[in-house]
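Quick notes on the structure that follows.
The values are calculated or read from the model by the stated rules, or taken from the named source; none is laboratory data. All of these numbers come straight from a predicted model, not from anything done at the bench. Glycine gets a Cβ as well: all are built from the backbone with ideal geometry, and neighbour counts include every protein chain shown.
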Amino acid sequence: MKKTELELPVREAKPRKNGLTILIDNGAPVQSFKDVVNSSSDYIDMVKFGWGTSLVTHFLQQKIECLKDNNIGFFFGGTLFEKFLSQDKIDQYYNYCQEYHCTHVEISNGTINLSNYEKAQFIQDFSQDFTVFSEVGDKNPEAAAELESAEWLACIEEDLEAGADKVITEARESGTSGICGLDGEVRADVLGGIETSRIPLEKLIFEAPTKRMQALFINRLGPQVNLANIALSDVISLETLRLGLRSDTFFC
Amino acid sequence: MKKTELELPVREAKPRKNGLTILIDNGAPVQSFKDVVNSSSDYIDMVKFGWGTSLVTHFLQQKIECLKDNNIGFFFGGTLFEKFLSQDKIDQYYNYCQEYHCTHVEISNGTINLSNYEKAQFIQDFSQDFTVFSEVGDKNPEAAAELESAEWLACIEEDLEAGADKVITEARESGTSGICGLDGEVRADVLGGIETSRIPLEKLIFEAPTKRMQALFINRLGPQVNLANIALSDVISLETLRLGLRSDTFFC
Amino acid sequence: MKKTELELPVREAKPRKNGLTILIDNGAPVQSFKDVVNSSSDYIDMVKFGWGTSLVTHFLQQKIECLKDNNIGFFFGGTLFEKFLSQDKIDQYYNYCQEYHCTHVEISNGTINLSNYEKAQFIQDFSQDFTVFSEVGDKNPEAAAELESAEWLACIEEDLEAGADKVITEARESGTSGICGLDGEVRADVLGGIETSRIPLEKLIFEAPTKRMQALFINRLGPQVNLANIALSDVISLETLRLGLRSDTFFC
């Protein structure tokens, strides 16, 4: 950032434990991808290659090298883990992640029928070789709405005990389902439950694909909150939200 | 696509008759356009230069050459045909399409007052020199809602008999009007009518600008459905939807 | 624009006083930014570096040079002015704008508590060295809704008398608040008040981030209306709307 005479929140330097910005790549073309990374690498901590996009991306290796050059971690979307699992090919998925030298692996049960207990076994297995981010919350809005606040907390704790480095709260890429209620708003009960729990904030990552959600988490939990599913086009906007340089978080 | 050990739907190779992905270019800058094409040409069958954008695009010829290099067809939006027609200059439009060596021409009546019968005459004329895609459905939501399912089918059949290679069902670039009802959802009556008709699926192209619509058509009609008005940024996402690699079509 | 045999509205050449298209840069990566400018500079009159993005943009100088090469003016978002003001550092903001050789400065009170009268003093000050665009309208939807039509006109006139070159009507980047009512639609009372006032149309700039708003202003006020907060991706689309080459303004 250019030096300024404004007083702004101080951000940890990379590699950091708080204030992580995790992008989601929905299949951006390769030059465009590099352009984003090269223009704003200081503000990007990690990139998730969303769901199964990595399988149909021609220049995946080029993207990965660009990330490595900029000290940015990466992993594949949890849906890909679930796809391999649904075809009983979890060893092949393990190999697939090793082949690409993934720094992280996301373990989720947002789409398939898999109990949190069963999910925890996979967290344990994968944490042998990878830093594991687990995910809590259903991609189906109705199913997500039925998960009570206490269950959210129990699932998060179970995942951390199983070896997850951090736990991601689901919100899809559109800001629906997961931690959002059927009205599309972040559920006050889940957020309140998290705030009053003993779970350290640095152990959590909130999917926050919309400006509205980003501003809410920053206003409520501070500029150092970890946020994921950030669109490639929103890196700079999010950084300004963290620094109070946009109307939505001006007074944070 | 990278080889994977997953079992996935098989896609026809290009040039194909089913599973067409037709992009809409809303006026993308030229390098960005090339980046999309070069990063994912296997998944792109055709590009429509939306409405009258071709007239105000500086580097149209560069874009067209990039498409030719990648065996991708192209045509101009039906609204441009309608604009020329509204000024009684249809010969000039014919010349315009020839001048650019268009592979396809779209003949529509989504904006101007033109009966389907009159439209069919133009289909017949243009099919002498071009492969014609005709379009059915009104861009005006209220007018579109009044078109009954049986009329949809009659229009489609009239267009095919007149020489249209395929018929496109209107949905604008925002997923409203045309085949969508006033509530923004794809009309069950029209879709049901199409399914029970004798019209071969390969003769139809569905405009599906939103992920919601893309997933609906794929879940309902299969991964080989022809889809149009796909944003440049959605090529990879759509391919994953066709392959069941994203939550929305995971079980298709 | 390519020569065409269509009869289309005539656009003033750059530099023009009417029909201004003012983009908002939300933090686009640098190559992508240049690509937009180089692909369509005839249609771009000015670029606003939205809110405080300029402070966290690595290649700001490169972007500015690209604009200068293409005879495109630029300024920083009004929220940045408000941020400096809220920390009692308005001299530093003045210097900041001088350092970057800004052609324009935006003076607003959309976020902080600042009366229109106080705002007018800053307009007077900054107009010594810069061409000032002032902004009227609150970013808070509820506060915006309370501002009556007569007050809008009074604020606009006060700003012009204080030295503003043009006055911008607020609508955020999402088309809410400001001149839009709580229902998200442009307020008929404010627009009607403006039309029947003696304020020349060339003295006004309407923020119109959505196609719906762009089409409304063009259909109502003509192709020569000044529009701002246009996304980088919408330059070509807006130009076609001005020329009646898209369904939404086909009959304008």
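Residue pairs whose Cβ atoms lie under 9 Å apart, separated by 6 or more positions or on different chains, with the first residue in the stretch C:30-51 and more than 9 Å from every other protein chain (Cβ to nearest Cβ) and at negative phi and the second part of a loop (DSSP other than H, G, I, E, B) and of a type in the set (D, E, K, R), are C:ILE44/C:LYS14; C:ASP45/C:LYS14; C:ASP45/C:ARG16. Being within 22 Å of C:ASN18 (Cα to Cα), in a helix (DSSP H, G or I), at pLDDT 95 or above and not basic (Lys, Arg) holds for only one residue in C:ILE156, C:ILE230, C:ILE168, and it is C:ILE156. Candidates are the residues of the stretch A:1-37 that are of a type in the set (Val, Ile, Thr) and part of a loop (DSSP other than H, G, I, E, B); the one that is farthest from C:LEU60 (Cα to Cα) is A:VAL10.
So that you can scan it fast, the table gives a plain yes or no per residue for (1) free of Cβ contacts under 8 Å to residues at least 40 places away in the same chain; (2) surrounded by 20 or more Cβ atoms within 10 Å (Cβ to Cβ):
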| position | (1), (2) |
| --- | --- |
| A:ASN140 | yes, no |
| A:ALA145 | yes, no |
| A:ALA171 | no, yes |
| A:ILE179 | no, yes |
| A:LEU182 | no, no |
| A:GLY193 | no, no |
| A:PRO200 | yes, no |
| A:LEU232 | no, yes |
| A:ASP248 | yes, yes |
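A single member of A:GLY178, A:GLY193, A:GLY184 is part of a helix (DSSP H, G or I) and either within 22 Å of A:MET46 (Cβ to Cβ) or not acidic (Asp, Glu) (or both), and it is A:GLY193.
Suppose we keep only residues that are surrounded by 21 or more Cβ atoms within 10 Å (Cβ to Cβ) and of a type in the set (A, V, I, L, M, F, W, C) within the stretch C:147-161. Which one would you say is farthest from the other protein chains (Cβ to nearest Cβ)?
Restricting attention to the stretch C:147-161, the residues satisfying the condition of being surrounded by 21 or more Cβ atoms within 10 Å (Cβ to Cβ) are C:152, C:155-156, C:159.
From the residues that got through so far, the ones that are of a type in the set (A, V, I, L, M, F, W, C) too are C:152, C:155-156.
Numbers: C:TRP152: 19, C:CYS155: 18, C:ILE156: 21 Å.
Applying the filter and picking the extreme gives C:ILE156.
When A:GLY244 is tested against the conditions (1) at the interface with another protein chain (Cβ under 8 Å from one of its Cβ atoms); (2) assigned to a helix (DSSP H, G or I), the lone failure is (2). Quick check on the stretch C:132-144. Is at least one of its residues at pLDDT 90 or above and of a type in the set (S, T, N, Q)? Checking the stretch C:132-144: at least one residue is at pLDDT 90 or above and of a type in the set (S, T, N, Q). When A:ALA120 is tested against (1) more than 14 Å from chain B (Cβ to nearest Cβ); (2) under 30 Å from B:GLN31 (Cα atoms); (3) surrounded by 19 or more Cβ atoms within 10 Å (Cβ to Cβ), exactly one condition is not met: (2).
None of B:ASP69, B:ASP35 is within 20 Å of B:VAL235 (Cβ to Cβ) and surrounded by fewer than 19 Cβ atoms within 10 Å (Cβ to Cβ) except B:ASP69.
Here C:PRO29 clears all of (1) buried (at least 18 other Cβ atoms within 10 Å of the Cβ); (2) within 20 Å of the chain's Cα centre (by Cα) except the condition numbered (2).
Within 30 Å of C:VAL10 (Cα to Cα) and part of a helix (DSSP H, G or I), is that true of B:LEU85? Write out each step before concluding.
Values: within 30 Å of C:VAL10 (Cα to Cα): yes; part of a helix (DSSP H, G or I): yes.
Yes.
The residues in the stretch C:62-80 that are of a type in the set (S, T, N, Q) and away from chain A (no Cβ under 14 Å) can be counted, and the count is 2. For the stretch B:88-135, residues that are assigned to a helix (DSSP H, G or I), touching a residue at least 40 places away in the same chain (Cβ under 8 Å) and farther than 24 Å from C:ASP248 by Cα total 4.
Restricting attention to the stretch C:202-221, and to residues there that are touching a residue at least 60 places away in the same chain (Cβ under 8 Å) and over 18 Å from B:GLY27 (Cα atoms), which single residue is nearest to the other protein chains (Cβ to nearest Cβ)? Steps first, please.
First pass over the stretch C:202-221, keeping only residues touching a residue at least 60 places away in the same chain (Cβ under 8 Å): C:202, C:205, C:209.
Add one more test, that the residue is over 18 Å from B:GLY27 (Cα atoms), and what stays is C:202, C:205.
On the way: C:GLU202: 23, C:ILE205: 19 Å.
Only one residue tops the list, namely C:ILE205.
Right, C:PHE59: over 26 Å from C:THR169 (Cβ atoms), facing another protein chain (nearest Cβ under 10 Å), touching a residue at least 12 places away in the same chain (Cβ under 8 Å) and not aliphatic (A, V, I, L, M) or not? So C:PHE59 fits the description; yes. Comparison of A:PHE49, A:PHE81 shows that the only residue that is touching a helix residue (DSSP H, G or I) at 6+ places or on another chain (Cβ under 9 Å), within 20 Å of A:PRO209 (Cα to Cα), of a type in the set (A, V, I, L, M, F, W, C) and crowded, with 22+ Cβ neighbours inside 10 Å is A:PHE49. In a residue-by-residue description of the stretch A:239-246, the property of being buried (at least 24 other Cβ atoms within 10 Å of the Cβ), under 17 Å from the mean Cα position of the chain (by Cα) and farther than 19 Å from C:PRO29 by Cβ applies to no position.
Whether a residue is in contact with a strand residue (DSSP E or B) (Cβ under 8 Å, 6 or more places away or on another chain) and of a type in the set (Lys, Arg) was assessed, and C:LYS48 passes this test.
Those residues that are in a helix (DSSP H, G or I) and within 15 Å of the chain's Cα centre (by Cα), I need them from the stretch C:59-79; list them, please.
Start the filter on the stretch C:59-79 by keeping residues that are in a helix (DSSP H, G or I), which leaves C:60-69, C:78-79.
Across the stretch C:59-79, the qualifying residues are C:GLY78, C:THR79.
Note on the stretch C:52-66: residues that are surrounded by fewer than 24 Cβ atoms within 10 Å (Cβ to Cβ) and in contact with a Ser or Thr (Cβ under 8 Å, 6 or more places away or on another chain) total 5. Applying the set (1) in contact (Cβ under 8 Å) with a residue 40 or more places away in the chain; (2) away from chain A (no Cβ under 14 Å); (3) acidic (Asp, Glu) to B:GLU239 leaves exactly one unmet item: (2).
A:VAL37 passes every criterion in (1) more than 30 Å from A:ALA215 (Cβ to Cβ); (2) modelled with pLDDT of 95 or more; (3) not hydroxyl-bearing (Ser, Thr, Tyr) apart from (1).
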